[in-house]
Amino acid sequence: MSERTTRRDIHPRAVLDKILVDPILGVAVLLIVFAIFAAVALPVFYAGNNLFNLLGSSITVMILAIGVTVVLISGGIDLSVGAVMALAAGAAASAMRLGAPVFLAFIAAIVVGIAAGLLNGFLVTRVGLPDFIATLSTLGFASGVLYIWTQGVPIIGYMTPEFRLVGGLQPLLGPITLPMIIAAVLALIIGWLLRSTPLGTRFFAVGSNAVAARQSGIPVRWVKTQAYIVSGTCAAIAGIILAGRNNNVPADLGTGYEIQAISAAIIGGASLMGGRGRVLGAVLGALTLALAINIINLAGVPSSFQKIVIGVILLVAVGANFISDQVRAGVLRRRTAHLASRAA
């Protein structure tokens, strides 16, 4: 490697561009800043099993955010994940209360998630509704079904030792719980799907430019529907875990989770314009939200401030994504100009 190449690669501007272009680095820095602040201001933060409890509390939003990230990459948005999660939790809990085996209860929940994904895909790609309106309709439908089903009374009396294990109330190895393992495996699978499969490439292509993707022979409608199916399935898995963690399923179980999931995905670098997002970003975004809320709770701040904190973090993330887009465009322009000058 020549001295000239080495100097160019370590140029401060090139390093800064690399940091700003990759949103993962930004959310990682934010997470580290929060952790340092908690360590200095709140020594109790590292006491006992608080860190593992923090991780456990973030699992549900993390899984939802992974599914939402896939939808955002494909150029859509899913507001129904919280309600679908709650309905899937109700399906699993009701099946268990009726005496069904655990695996049948889980299948019932997954079917609910897939059905919701198909419904969202149908409303968006066939009926032609905007993603926002279509998924908002599904949110209302799923919430209404669960409320009518339960008559506003929480579903109880379904817990078994197996379900406690699934909910993370019973650890597997030390402080490590089954939901942590499920989230890790799911993140690896979806990450692999996005990076290494034709379907993942199609998600990015459709989100970046649906017209160009269609002209290239990509079945845009089916690809977008598959993105919603992935999101619905993730919501169902989150619902199963949450039902086991809470010991009951109230009609309003999923309220507010869609905001946290979308916020975590955006904090992690997913773009509302489509074509960009990473599973690792969604994981770090969910951890960042959970850490911020944990700091608020440990500091004795009223829980009502949680929404304000989430809103502020989301605004910072959107601003960071905008800066990242501008820097990326500038880097591409400089590279194009450099290649053109060399060709001349």
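The set of residues in the stretch 267-290 being under 10 Å from ILE24 (Cβ atoms) and either of a type in the set (D, E, K, R) or over 10 Å from the mean Cα position of the chain (by Cα) (or both) consists of GLY269, ARG278. The requirement of being modelled with pLDDT under 90, closer than 21 Å to ASN49 by Cβ and either open to solvent by less than 30 Å² (accessible area, probe 1.4 Å) or among the basic types (Lys, Arg) (or both) is not satisfied by ASN246. Would you pick out the residues in the stretch 283-308 that are open to solvent by 40 Å² or more (accessible area, probe 1.4 Å), touching a helix residue (DSSP H, G or I) at 6+ places or on another chain (Cβ under 7 Å) and without any contact (Cβ under 8 Å) to a residue 24 or more places away in the chain? Answer for the stretch 283-308, where residues must be open to solvent by 40 Å² or more (accessible area, probe 1.4 Å), touching a helix residue (DSSP H, G or I) at 6+ places or on another chain (Cβ under 7 Å) and without any contact (Cβ under 8 Å) to a residue 24 or more places away in the chain: PHE305, GLN306. From the list LEU79, LEU55, LEU87, LEU72, the lone residue that is outside any helix (DSSP H, G or I), crowded, with 21+ Cβ neighbours inside 10 Å, among the hydrophobic types (A, V, I, L, M, F, W, C) and modelled with pLDDT of 75 or more is LEU79.
Among the conditions (1) in a helix (DSSP H, G or I); (2) touching a residue at least 60 places away in the same chain (Cβ under 8 Å), ALA213 misses just one, which is (2).
For LEU104, state whether it is free of Cβ contacts under 8 Å to residues at least 12 places away in the same chain, surrounded by fewer than 19 Cβ atoms within 10 Å (Cβ to Cβ) and either part of a helix (DSSP H, G or I) or of a type in the set (Phe, Trp, Tyr) (or both). Yes, satisfied.
Inspect all residues belonging to the stretch 162-177 and state whether any of them is among the basic types (Lys, Arg), at negative phi, surrounded by 14 or more Cβ atoms within 10 Å (Cβ to Cβ) and touching a residue at least 60 places away in the same chain (Cβ under 8 Å). Walk me through it before giving the result.
Of the residues in the stretch 162-177, the ones among the basic types (Lys, Arg) are 164.
Add one more test, that the residue is at negative phi, and what stays is 164.
Still in the running and surrounded by 14 or more Cβ atoms within 10 Å (Cβ to Cβ): 164.
The next check asks that each one be touching a residue at least 60 places away in the same chain (Cβ under 8 Å); those that pass are 164.
Scanning the stretch 162-177, I find at least one residue that is among the basic types (Lys, Arg), at negative phi, surrounded by 14 or more Cβ atoms within 10 Å (Cβ to Cβ) and touching a residue at least 60 places away in the same chain (Cβ under 8 Å), so the answer is yes.
The values are calculated or read from the model by the stated rules, or taken from the named source; none is laboratory data. None of the values given here were measured: they were computed from a predicted structure. Every residue, glycine among them, receives a Cβ derived from its backbone with ideal geometry; neighbour counts consider all protein chains shown. These accessible areas exclude ligands, DNA and RNA; they are computed on the full protein's heavy atoms, side chains included. Shrake-Rupley method; radii C 1.70, N 1.55, O 1.52, S 1.80 Å.
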